[in-house]
Amino acid sequence: MKKTMIKADYRKNLHETALKAPQSSGVYLWKNEEQTVIYVGKAKNLKNRLSSYFSGNKDIKTRLLISHASSIEYITTTNEYEALILENNLIKQYKPRYNIDLKDGKSYPVLRITNEDFPKVFRTRRILQDGSTYFGPYPDVNALDTFIETLFKLYPLRHCRTFRKRDNPCLYYHMGQCKAPCSGKFTKEEYNKNIEEIINILSSKNDESIKKLTQEMKKAAAELNFEKAGRLRDGIKALMVLQNQNIVQAFDTDDMDYINYASEGELVTFTVLKVRHGKLLGRENYRVETLSDENDYLAEFMACFYEEKEQVPPAICIPPTENFEIISKWLCETFKEVTCKLFTGSSPKDIASLNMCHQNAREDIIRRMRDRGDTPAMKELKDLLDLDVLPVRIEGFDIAHIGGKFPVASLVSFYNGNPDKKNYRYFRLKTTDGIIDDFASMREAVSRRYTRLVNEQEDLPDLIMIDGGIGQVNAAEGILQALKLDIPVVGLAEKFEDIYLPGNSTPIRLPRRSDALRLLQRVRDETHRFATSRNQNLRTKENTDSIFLEIPGIGNKRAMELQKKFLTLENLCEQEESAIAQCLHVNAMKGAEILLSARTLLEKRNEKKSFQKKSLGVSGTTKEKAMESQYISDLVSLALGESQDDNNMEEEKEGQ
């Protein structure tokens, strides 16, 4: 019974790890209770792949894997190719029990250019340290073969396995596929110009190679040489695949460490990628807590990490830092017997490796904050704002619109200092559609949100954060008072990161490294992201949907005809029934029916605009204040009425 409960706990933890994994490519490792790796897999999307292990009916092998596992670890990569190669390396290193299909000992193929007077170009799986030039590895073998075939069609490369002098050239010469350097018909200089061009194509990080091959393809097509054009087309596709470079395997023999970090407040995670014999064998995360200046992070970590000379590799790559010279001097003086090259890395491979380190470190920081909660920041906020309780639940609001069009309000929820996305909402604003009034927009969003929570007797947040200054804060506070709710409100103005409280135009300015400010910034940034994305979606929909589709009885085809003929709804409403009937090829009665529906739609739109204008002008005089008070009362009444009808309540979850 006890053993069954332990396995159930393991499964629950495994499932939680899967749900919290990032949506990026990478490699994952299943481990048993002894922390032995029992399975290595790769994924284009780690979260989706790991979550799939716990959904639906699985085969017996998958059920067996889950039953023997106690934990999952993962390493993020830049792309799926890197994940493929890293998976291959880790399988060879750990020899996991359940990786049956990949235990053949093969490695991914590479393209080799031999170190000879007349180099040969071919595919191989063996890496020899004989001065040859290698490119790859390439998981897509078909793409590599197609590309090599294209090279032989474009360049007169030799086909023979071993180069030796001949009196008479071979059949490839007579077929026009080789210029017979073995018979002295092609000079070494001319041959190696072709090799240099091939190396430039494979090394190129831009579109020059693609453009050149495309020009050759077009030229062949213009000459009606469609067979050659087809080969070039396939070669271009293959080259585009091959140029998706990877960073997880190189061909030098030197060992190397890549080190980078990520931080959040006092939490810092360092990630070390260990390259041994040209292969990335894995990554190690090291968690620390420090109040040191960020410029000192790397120096302090490396002083602790490298304790023995045997630990120091021939090369270490780190991100740029002010203490580079200090770290370099420390390495030289501490480990005099070891020759170690410290560098920041400028090649694409080194930059990509450092980025991979940072990405993995950042994921670990997210896991750490999720596990512990952002308690220091919440405590500081409680003291700063003199709150009665710890702000465990914080809700943030932001408004987004383009010149008053498509106004939306975003609502994000943070629980225990971390995003709680299942409680995200957005509101399609009604009272400010077509006008610019952020204060009125904030009133509508706040009234609709908390009227609903009150009516449904749901839990209220411990703190409300508004993305904006004193005006938006006071607008939200007015609605809360009308609803007789005592919820603390705070605003964060982006320009100087000033904090505003209701009724107080003098802001609070916190130190940049304040935990409380950091938490408010995270809430603010998330509200802004969510509001902007929703507004963009509405703009996209508006650009593709016609206003004529809102007329009853009008479908896509008829809407296109009306759009083409009358352009706007106003122009349509000014027409006679006969004009509409003629445009749509319908009888006069149907034309009159469409015209009546169009005029009704236009009337409703004009009434809505008229109502919206009444929400402007709410400051200064007693009359204006009375108007504002009446407006808030009307808005709350409107929200109360809407909250009874979920179909009218435009409040939706993220992702719907």
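A few points about this structure:
- Only residues that are of a type outside the set (Asp, Glu), surrounded by fewer than 16 Cβ atoms within 10 Å (Cβ to Cβ) and outside any helix (DSSP H, G or I) were counted in the stretch 429-458, giving 3.
- Residues that are more than 20 Å from Glu266 (Cα to Cα) and either among the hydroxyl-bearing types (Ser, Thr, Tyr) or open to solvent by less than 30 Å² (accessible area, probe 1.4 Å) (or both) within the stretch 286-318 comprise Tyr306, Val312, Pro313, Ala315, Ile316, Cys317, Ile318, listed in sequence order.
- Within the stretch 209-225, at least one residue is open to solvent by less than 30 Å² (accessible area, probe 1.4 Å), closer than 20 Å to Val110 by Cβ and at pLDDT below 80.
- Cβ pairs under 6 Å, 6+ apart, first in the stretch 464-475 and closer than 11 Å to Val446 by Cβ, second among the charged types (D, E, K, R): Ile464/Glu395; Ala475/Arg443
- When the test is whether a residue is at pLDDT 80 or above, exposed (fewer than 14 other Cβ atoms within 10 Å of the Cβ) and not in a loop (DSSP other than H, G, I, E, B), Lys329 passes it.
- Hits in the stretch 33-51 - residues which are open to solvent by less than 30 Å² (accessible area, probe 1.4 Å) and without any contact (Cβ under 8 Å) to a residue 40 or more places away in the chain: Leu46, Leu50, Ser51
- Asn192 vs. criteria modelled with pLDDT of 80 or more, open to solvent by 30 Å² or more (accessible area, probe 1.4 Å) and assigned to a helix (DSSP H, G or I): yes
- Taken over the stretch 276-292, the criterion of being free of Cβ contacts under 8 Å to residues at least 60 places away in the same chain and assigned to a strand (DSSP E or B) is satisfied by Arg276, Glu284, Tyr286, Val288, Glu289.
- Residue count, the stretch 476-498 (criterion: in contact (Cβ under 8 Å) with a residue 60 or more places away in the chain and farther than 16 Å from Asp525 by Cβ): 6
- Some residue of the stretch 499-509 being in contact (Cβ under 8 Å) with a residue 12 or more places away in the chain, in a helix (DSSP H, G or I) and surrounded by 14 or more Cβ atoms within 10 Å (Cβ to Cβ): no
- With respect to the stated conditions, Lys153 is open to solvent by 70 Å² or more (accessible area, probe 1.4 Å), closer than 22 Å to Lys120 by Cβ, touching a residue at least 40 places away in the same chain (Cβ under 8 Å) and assigned to a helix (DSSP H, G or I).
- Enumeration of residues in the stretch 6-31 that are surrounded by fewer than 17 Cβ atoms within 10 Å (Cβ to Cβ) and part of a loop (DSSP other than H, G, I, E, B): Lys20, Gln23
- Candidates Asp462, Asp467 - the one that is crowded, with 22+ Cβ neighbours inside 10 Å and closer than 27 Å to Asp383 by Cβ: Asp467
- Against the test of being over 28 Å from Glu294 (Cα atoms) and under 25 Å from the mean Cα position of the chain (by Cα), the options Ser505, Ser533 yield a single qualifying residue, Ser533.
The values are calculated or read from the model by the stated rules, or taken from the named source; none is laboratory data. Note that the structure is a prediction, hence the values are computed from the model and not measured. Cβ coordinates were reconstructed from backbone atoms using ideal geometry, including for glycine residues, and neighbour counts include every protein chain displayed. Accessible surface is based on the protein model in full, side chains and every heavy atom, while ligands, DNA and RNA are left aside. Shrake-Rupley method; radii C 1.70, N 1.55, O 1.52, S 1.80 Å.
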